[in-house]
Structure formats: C-alpha cells, structure tokens
Amino acid sequence: MTFGPQRQLATRGAALPGTDAGEAAVRAPRVGNPALFGGLALLTALVVLLDLRTGEDLRLVPLLVVVPALVSVFGTIRQTVGVSVLIMIVVVGSHLVSDGMFWDVVTGVVVTVLACCLGIGACALRIRHATQIARLRSAAVALQRQILRPLPILTDQILAHGIYTPIEEDRLVGGDIYEVVQSPYGTRVIIGDVQGKGLAAIGAGFAVLGAFREAAIREPTLTGVVDSLEDAVARHNVFSAQTGEAERFVTALVLGFDGSDRAQAVNCGHLSPRLLHDGVAGAVPLRRTSVPLGLAELSREARAAEWLDFPPGATLLICTDGVTEARDASGAFYPLDARLGRWAERAPYEVLEALNADLDAFSGGVRRDDIAALALRRTAADGLDRPGATGHGARRAAETFSGR
C-alpha cells in the first residue's frame, strides 16, 4: 500500500531490501546475549537450589536439558551453542557428583550431550530453512515489483498517487492492476481488475500490463491502445486453454491526458471515475461503456473513446470494485460517493489516506477483495514538477516501436 505527498517521489526508485538484508534479519538474534544468559543463570541457580532441597529423591537439574531446545526456537546458532555448553557443564557436573549407579551416571551424561547436540542441530536447520524462505521472498518481491511500479508516479501531464492492498497479505500483487505511461501523445493510465484471484489472475494481469506499456507509447489513439489490450487478453486465454487453466476477462478503464482541461476515456466494463472539484465529489457518467477485455467477440459494437472534464485543481479518482464492494458487519456496501463528498477539498494523497482509513473502519479490517485506487491531478502549469527528460525519452521509445 502506497500513498503520500509529492516529496515521496524522491524515494520511488529506492532499492528494495536484497537477499543479504533478508538473510541478516534471519540470523540476527531476537533476544540479546545479556538478557538470554542472565535469564539462564537465574534459572539454573533456581533449579540447583531446588535440587539441593529435594535431595536424591527428586533430581531437578537433569530437567535443564530441555533449555537448548527452547533456545533453538528463537536464538542464533552461537547462542544455542553457548547455552548448550553451559547446560552440559551444569547437568554433567551434577551427574558426576551424585551418588548414583555408574550406568545411571553414564546414561545421564549421554542423554544430556545428545539433547544439547539435537538443540544445536534444530537451530541450524531452522535458520537454514528461514534463509531459503528469505531468498525466495526477496526474489518474489523483485519479480512482483516488475509487475506494478511503486507510487506516486509523475509525468508531464499528471501526478498519480495511489493505494494498493492485495487480499492476500503475503503478496505484493493481486488481481488488480494499474499503470501510468508517458507517451508522445500524452499520459496514458490504466486501472483494471482481473476476473478471479491467485497466481492465474496475476498472470492475466501481467499480460495486460505488458501490452499496455508497449501500446501506450506506440498507438496514437486510445482506442488503438485498448484494441492491443484486447488482443493480449485473447492470446493469454488461448495459452491458458492449452495449459488447462480457465480463460479470464479483465475489466479496465483506460484514460488519456494531453494537458488540456479534458481527459479521454475508454471504459471496458469498469467502474466510472469520480471527480473531486470545488468542494464537490461525484461520479463521472460514461455513456459508452463496452464489454471487458477478452470478451470483444460477444459484442457487435466497437469500443469508443469519450471525453470528460478535468479542470485544473481537480482530482480524478479511479478505483476497483474492492472499494465499492467492501461491506460492513451487516452486509451493506461501502457508500463511496457519500464519503468522497467529505474529502472533496483535500489533496489527492489526503483523499487516499482518508479513504483507506475509512474502508478499514467500515469493514472492520476484513478484506474480501483486492483494493486499488489512483488519485490523479494535473501537473503544475509552471512545469516545476515535470521531469525534464520524460517526454523526450518517451518520444524516442515510440520511434523505436514504430521503426522510424
């Protein structure tokens, strides 16, 4: 989940924690040595005193052999080895000074040494397994960050803040998608929702994003961009059918911004955008809504673009149905339009902060679907917020795609 003021743009390209950092966190001690060994000394002293009081009838010192196993659950290998050595000294010494039979003493010593060695081995295996998990998680993070770029994103025409919360907490990417691309024809934006959940939905979303990043720069019209997305979903569904997976469709809203007071939109079965301006918030009616991506064969009408107002200082909010279909304890849906009116005069990132907090309070923290929302505002007319090379870089990329 990401949102924040424009100063956060400086951190957008910051490197993610690498494998070394993940492994270091796994190997780092959870309990400091002074606390661990201080507590061990107190426990040992208490057990020894109780053992002296109970005498030979009830030996308590041998029970200390379980301590290395407990430390192996949260301690480092060095800590587990240190605790095992101390426990072996105490327990073995207790057996040697006792008046027990020879074979009883030998058995007690062997059991103590074996228990301590098993504790050390268990600790080593735990850290090894945790290290492998850290490496896999680091690779997954790097891969998923190639699917969705961190927010906010600044282009020549707009500044896009956003929130993104997958329903599965152990993933960074779910079935919702978004992208913002600077092109020679202005800024192109997409937000979409892939049918279903899980890795298969992520695969379909990645197919759409890959096609959008290329077509947004190559295609001069917004409908041309959407046609490329339709082809990408159709190809993905053919491949899915060949591999035994279910075919999927994608609802999507594709927007184009050229720096004027209007924006262009092609709606493929997605939610309409909301416009916040002059203290008023409301849905922007789109009269040419078409079928979702992947279902074009079911419709006889070609997709068409339409224009909507986007005046200076206005915020255009686009989101997925994870927002509008959030429910409270009684089953009522989240009243997005009613709530937006309270925040119509706030900055885009403040709207998202309020929306995210209100969604959590409304649903009681129970998520039933991925949540994605972008708050778009026109870039300042003075150009102070514009990256100088963005437009030139996009133009060169477009020439490469077109072969000029």
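The values are calculated or read from the model by the stated rules, or taken from the named source; none is laboratory data. It should be emphasised that the depicted structure is a prediction, and the values quoted were computed from it without experimental measurement. For neighbour counting, all protein chains shown are included, and Cβ atoms are generated from backbone atoms with ideal geometry for every residue, glycine included. The protein model used for the area step is the full one, side chains on, heavy atoms only, and it has no ligands, DNA or RNA in it. Shrake-Rupley method; radii C 1.70, N 1.55, O 1.52, S 1.80 Å.
With the cut-off at under 18 Å, measuring from each backbone N in the stretch 274-289 to a point 7 Å along the Cα-to-Cβ line of Glu325 picks out no residue.
The distance between label points at Glu301 and Phe102 comes to 9.9 nm (points 7 Å beyond Cα on the Cα→Cβ vector).
Applying 0.36 nm per residue to the separation of Val366 and Ile167 and subtracting their alpha-carbon distance, the gain on full extension is 70.7 nm.
In this simple spin-label approximation, Val109 and Arg128 carry label points 7 Å from Cα along the Cα→Cβ vector, and these lie 3.0 nm apart. Comparing the stretch 170-250 with the 2.2 N^0.38 Å rule of thumb, its C-alpha radius of gyration ratio is 1.11 (two decimals). If you take the Cα centroid of the stretch 332-364 and the Cα centroid of the stretch 80-133, the two points sit 58 Å apart.
Of the trypsin sites (Lys or Arg not before Pro) found in the stretch 270-315, those that fall in a DSSP loop while having at most 11 other beta-carbon atoms within 10 Å are Arg287, Arg300.
Ellipsoid fit via the Cα gyration tensor, the stretch 181-314: semi-axes of 27, 16, 14 Å, each the root of five times an eigenvalue, largest first.
Where in the stretch 317-378 are there trypsin sites (Lys or Arg not before Pro) that are in a DSSP coil and have at most 14 other Cβ atoms within 10 angstrom of their Cβ? Passing sites in the stretch 317-378 are Arg368. What a 1.4 Å probe finds exposed on the stretch 266-319 is 49% carbon and sulfur by accessible area, rounded to a whole percent. Taking a ≥ b ≥ c as the square roots of the eigenvalues of the Cα gyration tensor of the stretch 276-332, is the shape rounded (a/c under 1.5), prolate (a/b larger than b/c) or oblate? It is oblate, given that a/c is not under 1.5 and a/b is not larger than b/c.
The residues of the stretch 196-257 expose, per residue, 40 Å² of accessible area to a 1.4 Å probe.
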